[in-house]
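Coordinate-derived values only; no laboratory data. Please read all numbers here as calculations on a predicted model, not as lab measurements. Virtual Cβ from ideal backbone geometry, glycine too; neighbours counted across all protein chains shown.
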Amino acid sequence: MLYIFCPHCGSRSQNEFAYGGDATVKRPELNKEISDQEWDNFVYLRKSPRGKHLELWHHISGCRQWIKVERDTSTHEIFKTYKATELIE
Amino acid sequence: MSQDFRLDNVGMVNRNKKISFIFNGKKYSGYEGDTIASALIANGVHLVGRSFKYHRPRGFFGVGVDEPYAILQLERNNERDPNIRATEQEIFEGLEVKSVNCWPSVNFDIGAINNFLKMFFPAGFYYKTFMWPPSFWYKIYEPFIRMAAGFGEASIKHDKERYEHKYEYCDLLIAGSGPSGLASAYAAAKNGARVILAEDKPRYGGSLLTSDVNIGNQTGVEWSEKIITELKSMSNVIVKNRSQVFGYYDHNMLVMSERIGDHLPKTQKYLPKQRLWYIRAKEVLISSGSIERPLVFGNNDTPGVMLSSAAKEYMKVYGVLVGKKPLIFTNNDSGYETAIEFKKNGVSPLVLDTRKEPSSDIITEAKNLGIETKFSYVVVAAKGYKKVKSADIAKISDNKKDLSNIENIECDCICVSGFWTPSIHLASQSGNKSEFDEKIDAFIPKKSKQKENTIGSANGKFTLEETINEAFDKGYEVSNKITENNNKVSIPTVVEKKSTEHDKFWCVPLPKGKSYKRFLDFQNDVAVTDIELALREGFRSIEHVKRYTTLGMATDQGKTSNLNGLQLVSDIENKVVPQVGHTTFRPPYTPVSIGAIVGREVGKHSKPTRKSPMHEWHEKNNAVFVDAGVWLRPRYYKQGNETLFEASKREAKNVRKNVGVCDVTTLGKIDVKGPDAAEFLNRVYTNAWLKLPVGKARYGVMLREDGIVMDDGTTTRISENHYHMTTTTAQAANVLSHLEYYLQLVWPELNVNVVSTTEQWAGAAIAGPNSRALLMKLFPNTDVSNEGLPFMGYKEADLSGISAKIYRISFSGELAYEVNVESDFGNFMWEKIIEVGKEFQIQPYGTEALSTLRIEMGHVAGSELDGRTIPHDASLEGLVSKKKDFIGKRSLSRSAFTKPDREKIVGVVPLDKTTSIPEGSYIVKDPNAKLPNPKLGHVSASCWSVEYDNPFSLAIIKDGKKMIGQKLFAMSPLKNKTIPVEIVSSHYVDPEGKRVRA
């Protein structure tokens, strides 16, 4: 079971969180004309890398904040966690 | 039976407490502190089971977790508990155990015929033998195999024992309380670290309990007792015996099972049988020790052949002799320790040492004690069927290939020692890739992936001095990383006998003309010939060889067999062991009972049950409950002998005719607040929200980004920047997460907050033509007329001194209101409504009547919004704004969602007006069409229309609008029904919606 550092609460066990998928996906702006292909990419297509992955976790049984977690998908090593709106270099 | 093999005044069992127990129907006695194994051996019993494949007699091989043979079935508190290791289970008064895998009895087992048919049971025989004809598989082969195989029977009764889970955090978890575990725990604890020390056995000390050593001028036993006593007295240390750390998971999470009541006759009240510990440790020290390796020779599975270390432990810990004429067969110095122990207890052993001319302290001591020793000697084969009676021994040539001077000597047990295998299981589970150490012919942990270190003999250190020094250092070093106390304790001096190198020899060749079975895996009956065959047949990867031959599988996971198997494969392949590699170790290290894994989360405890504040009233009024998500809701209120069907019809009719009240507390409620709340709702819902006035409610539909309907409900504008959103019971949690996602990640610039208020409000839906009259009496100070409180209106009101909120919304399609009060007043409100409603013929109604009412009105619910429908399919397209953008809008213009014959919701009525249509039925054109019959759609919900007194269903079918008026068929292959039906509008009752506005 992973041990995830929530930037709001501290280190907590994985069972307090819900997984939220790729954190690098950006929703197209409202009222913007976009092609089927672009929309399709946003709704359905996700990369599933082996190695570093920036992903969303929702601290659902804690502070209810969505956070971003940089995790290695093969070793589960967590490098860093970020608040939802924190800028990631 | 008397304990003929019990020694006087030796061992650690409590001689003052005699305990009797039953094995295979016969009564035996032992002492408190005995295991089943030690007590049976004391009574001279060595036949305890039959082997898996050949049903050969099975005795005891080890003394702990490594035991491959003595698997028994325990009867306790009238329940069966299979897969009990006799070497671990302690006896208690009244304990009942029996042998498994034998019929009719362990002494006379019909399955033993397999032993004589063994040429028909080679490796992979399941794959080869039971292939044809295919129809034989489930009728003949499978039942036969199932009867013949397995280690005992699981109980099918509800397990009444209690199992608990515990979560614990510590600086340092130490697995194993042998010399390295004790030393490192002591060093770390003295340095201020929070330590958990876990020991699998009842007694602490590990090898110190049986070895003849001296630490700090004390015997090993005295030293370990002193250390444990001190550790127990420290507030920063948790010491647990009978506790197996069996799994090493991610981020230093380890799981340990503590056997609390397994050794007690009856579970004490409030005391669990077992407790599962989830331990998050900053650092882990694995001090799990090592397991002695067997030597491979003919019939080496005969009862009476056992590990030499086990024989020693039976003597020193339990005061029990495993035999009175022992033969000791060793390739290293360890066998001599056992020989000396025998001699000290008045039994003269014969030692066969495979080495040519070894010399060390302990060999000299054995000689001085007059122990007879033969060098360059081996056991060729054990003789005897149910117990060792003698052994063929021989001189072995220097190249270990040829046997000479074969002779038969009498003996009643053969104690084998093929050197030691470190228990690297936990390290391996943590991700540590092991390396082969040629000095000890075994794998040891290499580079840590997680925060773990392996110490002591688990790390291949076999001298006590090395072990103690390393453990004290590691305990300090690891703890100091955390505490930085720099408090180092001094390391005691160690006195032990120097030993010499072991012989790299492990398998005795067969003498000419003999074909003895030489077993590698004792639990699964895998012999040398099986591995040879697998390799001849082309299996190369050790993982494949394992699965083909079953080497190292089953409940002991090859603790005694793995390395010998690897040696054999590498010998045949002319490789070295590291090239062959070893199979993956996976948790659990030892079997864990399912009960412990499940813990308290069984039955109703598997998830929390939520009840509304009016629950007690429902119970008192004969409500029959149904699970609705995590909630319990009244399904119907039973009157007399009513069935569900009769009761729900009565309740629904009463709503249509008079007035009914339904508990709607379970609906999800979310407070949406902030200056941008209107804008946010406008983006979340498909319809327009910017112009909703204060004091008005609106029905809304929200989509996922893929265009599928996520949820629906009404949201009311309480004040300028405050909205009260309702969701369906089932989707409440998902909707909240969904809203939080958009507010926190997508549109953080919106100034809006959301919070769940589901539990804060109790709700009652009052529905029916009499509802307004009832409301007028309930709220005499509030204008609830059609003008004062129009459809979709909202008002705050006073309910006999309590503040209430009235929403004029309707799910039943009748004139209806939902009244909310703070949860604490829920029951007060409910009783008031019932009391005031009496004169209006009020009746409570449950979810079944609620469903009936909404189905015949054509209102959609979860069965239509099932994660596959877009607004069009549920006839909600009128609520989809063309002007503004919202979540999921772009998906609605995708080609599949705009097809002209897209599915749409319709009503379905059976032509005979009497046959109910099963939910899930397919709608087809021609019931006799060739299968698979092309499906137009499916029936999503069915009810008995109380308005028209005939069955009515909703269905979602292709091009539904055009189908209205057509005569089709509803087919349910599951119920074997084909019903001619007519397609009608989904709005079966009051299609103009006059009633809700009345």
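Some observations on this one:
- Here's how it looks for B:ARG610: its modeled amide H is under 5 Å from those of B:TRP631, B:LEU632, which are all 5 or more places away or on a different chain.
- Ranked from largest, the principal axis spans of the Cα set of the protein assembly as shown equal 113, 72, 62 Å.
- Only helices enter the 222 nm calculation for chain B: every DSSP H run of n ≥ 4 contributes -39,500 (n - 2.57), and dividing by all residues gives -6000 deg cm²/dmol, rounded to 500.
- Cross-link table B:LYS266/B:LYS559; B:LYS447/B:LYS474; B:LYS343/B:LYS497; B:LYS226/B:LYS367; B:LYS512/B:LYS546; B:LYS669/B:LYS696, entries beyond 22 Å C-alpha to C-alpha: B:LYS266/B:LYS559; B:LYS226/B:LYS367; B:LYS512/B:LYS546
- Only Cα pairs under 8 Å and 6+ residues apart enter the sum, and on that basis the relative contact order of segment B:361-410 stands at 26 percent.
- Average other protein chain Cβ within 10 Å of Cβ, residues B:713-719: 0
- Computed from the C-beta positions of B:GLU230 and B:VAL495, the FRET efficiency with R₀ = 22 Å rounds to 0.55.
- Note, ³J(HN,Hα) from phi for segment B:778-783, Karplus 6.51, -1.76, 1.60, rounded to Hz, x at Gly and Pro: 6, 10, x, 8, 10, 7
- Using alpha-carbon coordinates, inclination of helix B:847-857 to the longest axis of chain B, degrees: 50 degrees
- Karplus 3J(HN,Hα) series, Hz, for segment B:810-818 with 6.51 cos²θ - 1.76 cosθ + 1.60 (x for Gly, Pro): 9, 9, 7, x, 8, 4, 8, 9, 10
- Residue-wise HN-Hα coupling along segment B:928-942, computed from phi with Karplus coefficients 6.51, -1.76, 1.60 (Hz; x: Gly, Pro): 9, 5, 5, 6, x, 5, x, 9, 8, x, 9, 7, 9, 7, 10
- Angle in degrees between helix B:826-837 and the longest Cα principal axis of chain B, rounded to the nearest 10: 40 degrees
- Antiparallel bridge percentage (DSSP; both residues within chain B; nearest 5): 75 percent
- Alpha-carbon Rg with Dmax, taken over chain A, Å: 14.4, 43
- Per-residue average of Cβ from other chains inside 10 Å of B:744-756: 3
- Those aspartates and glutamates that a straight Cα-Cα span of less than 16 Å connects to B:LYS517, excepting residues fewer than 8 apart in one chain: B:ASP301, B:ASP392, B:ASP525, B:ASP530, B:GLU532
- Modelled spin-label separation between B:ALA733 and B:LYS994, with each label point placed 7 Å from Cα along the Cα-to-Cβ direction: 4.5 nm.
- Radius of gyration (Cα atoms) of segment B:868-917, expressed as a multiple of 2.2 N^0.38 Å: 1.56.
- Shielding score for B:592-598, defined as the mean number of other chain Cβ atoms within 10 Å: 0
- Whole-number percent relative contact order across chain B, with pairs defined as alpha carbons under 8 Å at least 6 apart: 9 percent
- Taking 1.002 mPa s as the viscosity and 20 °C as the temperature, the Stokes-Einstein diffusion coefficient of segment B:383-467 based on its alpha-carbon Kirkwood radius rounds to 132 µm²/s.
- Ranked by how many other beta carbons lie within 10 Å on average, peptides B:695-705, B:225-235 from highest: B:695-705, B:225-235
- Segment B:14-115 - Kirkwood radius from inverse mean 1/r over Cα pairs (Å): 13.7 Å
- Residues of type lysines that B:LYS232 reaches as a straight line, Cα spacing below 20 Å, ignoring anything fewer than 8 places off in the same chain: B:LYS166, B:LYS190, B:LYS201, B:LYS240, B:LYS488
- Taking amide H atoms as placed 1.01 Å from N in the peptide plane, the amide H of B:THR454 lies under 5 Å from those of B:ILE286, each 5 or more residues away in sequence or on another chain.
- Within chain B, the proportion of Cα pairs with more than 48 Å between them is 47 percent.
- Taking a ≥ b ≥ c as the square roots of the eigenvalues of the Cα gyration tensor, segment B:899-992 is oblate, since a/c reaches 1.5 or more and a/b is not larger than b/c.
- Degrees separating the helix B:732-741 axis from the principal Cα axis of chain B, which is the longest one: 90 degrees
- For B:GLY49, distant residues with modelled amide H under 5 Å away: B:ARG58
- Taking Cα centre as origin and charging only the Cβ of basic (Lys, Arg, +1) and acidic (Asp, Glu, -1) residues, the dipole magnitude of chain B rounds to 1880 debye.
- In plain terms, the chain from B:LYS961 to B:TYR169 could stretch by 278.9 nm, reckoned as 0.36 nm per residue minus the Cα-Cα distance.
- Alpha-carbon centroid distance for the pair segment B:705-778 / segment B:256-313, whole angstrom: 55 Å
- What the Cα convex hull of segment B:830-897 gives, in volume per residue, is 160 Å³.
- About the Cα centre, charge dipole magnitude for the protein assembly as shown (Lys/Arg +1, Asp/Glu -1 at Cβ), debye: 1740 debye
- Shape call, segment B:288-424: gyration tensor on alpha carbons, a/c limit 1.5: rounded
- The mean sequence distance of close C-alpha pairs (under 8 Å, at least 6 residues apart), as a share of the length of segment B:14-115, puts its relative contact order at 31 percent.
- Cα gyration tensor shape of segment B:384-434, rounded if a/c is under 1.5, else prolate or oblate by comparing a/b with b/c: oblate
- Candidate cross-link partners of B:LYS653 among the aspartates and glutamates, defined by an alpha-carbon separation under 13 Å and a same-chain spacing of 8 or more, comprise B:GLU814, B:GLU848, B:GLU856, B:GLU947, B:ASP949.
- At 1.002 mPa s and 20 °C, Stokes diffusion of segment B:720-767 via Kirkwood alpha-carbon radius, µm² per second: 172 µm²/s
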